[in-house]
Amino acid sequence: MNGIAWPRALERGSRWWERIPPVVWGAGSGLLLAPLIGALVLTSRGRWLAIGLLGMIGFPVLLFLSRYTVELIVFSSLFVPFTLSTGSQSPIVASLLLTALLGGLWLIRLVFEREKERWPRAPAVVPLVGFMGVSVISFFWSEIWRDPMIPPWFLYRARLGGLGVMVLSPLALWLAAAHLRHPRQMDRLVGMFLIAGALGAIQILAGQPLFPFLNTGGLFPLWLFSFGTAFLVFRPMSAWLRLGLGLMLGIWGWYVLVPGISWISGWFPPIIAILVVIWLRSRRLFALVFGALLLLAVIYWRPLQFWVFDYNYQTSGTTRLEAWLRNWQVTREHLLFGTGPAGYAAYYMTYFPDQAMATHNNYLDVLAQTGLIGMGFFLWFLAALGREIYRIWRWVRESDHQARALVAGLVGGFTGLLVAMGLGDWFLPFPYTQTIAGYRYTVWGWLFAGAAVAMGRYYRSLRLQLFYAASIRGSRGSSSRTSGG
């Protein structure tokens, strides 16, 4: 018996390591190799080797945490200030690095595990694939049809960075569409924004950066006001929570309208989002809020006129028009595939370095970088995404207050985003203005777009299930009547 039991015991003992979670393997290996990695980091040549070792250790942890892909990207964009230097003024932020790592892992699993059901299927996905393809083509096309005065592969690092952002941003959408299975999973994403908004409100009241790790730049106010207002008017909650949420939004409203009145991108898109959300809730409430905003505009017309019209016209209004005309001088010669990612900067620095100005407009940036073909795919994507979000709003039951709050926030945020893209590069960061570090706050729009695709898939499947259930009940009823007759 011992001769039979011994191999079995050995077999059981040989599998003990399989029961250890990957995160424990990663943490244990990290502790053992921490002194070596620390020594390598102190040397300039060993820094990248240390990063490679960290990557090997972190891979099991990354594999284990891949189920929380979207949550990790949002969390890192809001609360993790970690960056990797690229040797320029455009560092790689944590959210961009996580998108690349988790996106690559997802694509590998998609190929080898053949998880075809996890591939996002939606009308907005097709033009997005086309846009990514055109971005890659335009990168090489711009070099083939390069102006003779432009040096070969001029500013290639910035162009590679621009291409990376134009590919990884749609990848973030796919990750959200593939990993978000239920509308209630979005609560975690919105919850992180509300927590960041509360911390930001504390900083505003204190008048100093109490939380240096916190990222509330870019279009953070847009998504905070869009989802915050939607939760306030759609979602049932206790009086204390409603009061706290309203107080937080009030503090942020004062911040963007009083100290930040000169920055139109900080308050105009959020106001559009708020009005859209309230319109979805109640026409009477919309009329009341719109009237209150008009009354405030009349009361404070003189400072509003100065900061919004006079100041902005003097500082950016005329320069923006000049920048758009200057950009058209380059773009009109490259209408098919554009000048490539960040490509028109090379023409600026060669032909008019003293008059080079960024467009501060995502629509013109896309046209200049990817041409008419890329612009066509981009507008197709926006139209398909907007139609998908509107369909979801029509499909959600009025009794489902939680889902209606989420979808109303998406509708308001998407509408505000369309406006914001005309005021700056808030959806696809340009390497010479936001730099690729701007991905830290432009990724929010892509992730919420992916959430909309996921919600559309969920409600489309739910409608099919209800239809099949109704047809089965109808067939059973007709068969019972036939047998009874």
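The values are calculated or read from the model by the stated rules, or taken from the named source; none is laboratory data. Computed from a predicted structure; not experimentally measured. FYI the Cβ positions are ideal-geometry reconstructions off the backbone, even for glycines, and counts take in every protein chain you see.
How many of the residues in the stretch 136-168 are aromatic (Phe, Trp, Tyr), modelled with pLDDT under 80 and under 26 Å from Trp446 (Cα atoms)?
Looking only at that region, the number is 1.
Just give me the residues in the stretch 387-443 being in a loop (DSSP other than H, G, I, E, B), of a type outside the set (Asp, Glu) and more than 22 Å from Asn215 (Cβ to Cβ), in sequence order. Lay out the reasoning, then the answer.
To start, the set of residues in the stretch 387-443 that are in a loop (DSSP other than H, G, I, E, B) comprises 396-400, 421-435.
Add one more test, that the residue is of a type outside the set (Asp, Glu), and what stays is 396-397, 399, 421-424, 426-435.
Across the stretch 387-443, the qualifying residues are Val396, Arg397, Ser399, Gly422.
Out of Ala178, Ala239, I need the residue that is aliphatic (A, V, I, L, M) and free of Cβ contacts under 8 Å to residues at least 24 places away in the same chain. Which one? Lay out the reasoning, then the answer.
Working: Ala178 fails: free of Cβ contacts under 8 Å to residues at least 24 places away in the same chain.
Exactly one residue qualifies, and that residue is Ala239.
Scan the stretch 266-285 for residues that are among the small types (Gly, Ala, Ser) and farther than 14 Å from Leu224 by Cβ and jot them down.
Of the stretch 266-285, the ones among the small types (Gly, Ala, Ser) are 266, 273, 282.
If the condition is that a residue be among the small types (Gly, Ala, Ser) and farther than 14 Å from Leu224 by Cβ, then Ser282 is the only one that fits.
Do you know which residues across the stretch 406-431 are over 12 Å from the mean Cα position of the chain (by Cα) and under 15 Å from Gly217 (Cβ atoms)?
The answer is Ala420, Leu423, Gly424, Asp425.
Can you find a residue in the stretch 292-305 that is outside any loop (DSSP other than H, G, I, E, B), in contact with a helix residue (DSSP H, G or I) (Cβ under 9 Å, 6 or more places away or on another chain), surrounded by 22 or more Cβ atoms within 10 Å (Cβ to Cβ) and at pLDDT 90 or above?
No; the residues of the stretch 292-305 include none that is outside any loop (DSSP other than H, G, I, E, B), in contact with a helix residue (DSSP H, G or I) (Cβ under 9 Å, 6 or more places away or on another chain), surrounded by 22 or more Cβ atoms within 10 Å (Cβ to Cβ) and at pLDDT 90 or above.
Go through the stretch 372-405 and count every residue that is under 16 Å from the mean Cα position of the chain (by Cα) and within 18 Å of Leu189 (Cβ to Cβ). If you could, list the steps in order and put the result at the bottom.
If we filter the stretch 372-405 for residues that are under 16 Å from the mean Cα position of the chain (by Cα), which is where we start, we get 378, 381-382, 385-386, 389.
From the residues that got through so far, the ones that are within 18 Å of Leu189 (Cβ to Cβ) too are 385, 389.
Summing the residues that are under 16 Å from the mean Cα position of the chain (by Cα) and within 18 Å of Leu189 (Cβ to Cβ) in the stretch 372-405 gives 2.
Can you find even one residue in the stretch 424-435 that is out of contact with any Leu (no Cβ under 7 Å at 6 or more places or on another chain) and surrounded by fewer than 19 Cβ atoms within 10 Å (Cβ to Cβ)?
To start, the set of residues in the stretch 424-435 that are out of contact with any Leu (no Cβ under 7 Å at 6 or more places or on another chain) comprises 424-425, 428-435.
Those left that are additionally surrounded by fewer than 19 Cβ atoms within 10 Å (Cβ to Cβ): 433.
Yes: the stretch 424-435 contains one or more residues that are out of contact with any Leu (no Cβ under 7 Å at 6 or more places or on another chain) and surrounded by fewer than 19 Cβ atoms within 10 Å (Cβ to Cβ).
I need a count of the residues in the stretch 131-178 that are part of a loop (DSSP other than H, G, I, E, B) and either surrounded by 23 or more Cβ atoms within 10 Å (Cβ to Cβ) or of a type outside the set (Phe, Trp, Tyr) (or both). Before the answer, list the steps.
So the first thing to find is which residues in the stretch 131-178 are part of a loop (DSSP other than H, G, I, E, B), and the list is 145-155.
From what's left, either surrounded by 23 or more Cβ atoms within 10 Å (Cβ to Cβ) or of a type outside the set (Phe, Trp, Tyr) (or both): 146-152, 155.
So the count comes out to 8.
Starting from residues that are within 14 Å of the chain's Cα centre (by Cα) and small (Gly, Ala, Ser), keep the ones in the stretch 196-227 and report whichever is nearest to Gly244 (Cα to Cα).
Checked the stretch 196-227; the qualifying residue nearest to Gly244 (Cα to Cα) is Gly217.
Among what's in the stretch 179-207 and is among the β-branched types (Val, Ile, Thr) and over 15 Å from Phe75 (Cα atoms), pick the residue that is surrounded by the most Cβ atoms within 10 Å (Cβ to Cβ).
Residues of the stretch 179-207 that are among the β-branched types (Val, Ile, Thr), as a first pass: 190, 195, 202, 204.
Add one more test, that the residue is over 15 Å from Phe75 (Cα atoms), and what stays is 202, 204.
Values: Ile202: 14, Ile204: 17.
Looking at residues that are among the β-branched types (Val, Ile, Thr) and over 15 Å from Phe75 (Cα atoms), I get Ile204.
Output the qualifying pairs, or none if there are none: Cβ atoms under 7 angstrom, residues six or more apart or on different chains, first residue in the stretch 68-84 and more than 12 Å from Leu447 (Cβ to Cβ), second residue surrounded by 23 or more Cβ atoms within 10 Å (Cβ to Cβ) and of a type outside the set (Ser, Thr, Tyr).
Filtered contacts from the stretch 68-84: Thr83/Val93.
Please determine, by comparing only the residues of the stretch 248-284 that are hydrophobic (A, V, I, L, M, F, W, C) and assigned to a loop (DSSP other than H, G, I, E, B), which one is surrounded by the most Cβ atoms within 10 Å (Cβ to Cβ). It would help to see each step written out before you state the result.
To start, the set of residues in the stretch 248-284 that are hydrophobic (A, V, I, L, M, F, W, C) comprises 248-249, 251-252, 254, 256-258, 261, 263-264, 267-268, 271-280.
Right, trim to assigned to a loop (DSSP other than H, G, I, E, B) and you get 258, 261, 263.
Numbers: Val258: 11, Ile261: 18, Trp263: 15.
Result: Ile261.
Please work out which one of (1) on the phi > 0 side of the Ramachandran plot; (2) under 25 Å from the mean Cα position of the chain (by Cα) is the condition Leu232 fails and give its number.
All conditions pass for Leu232, except number (1).
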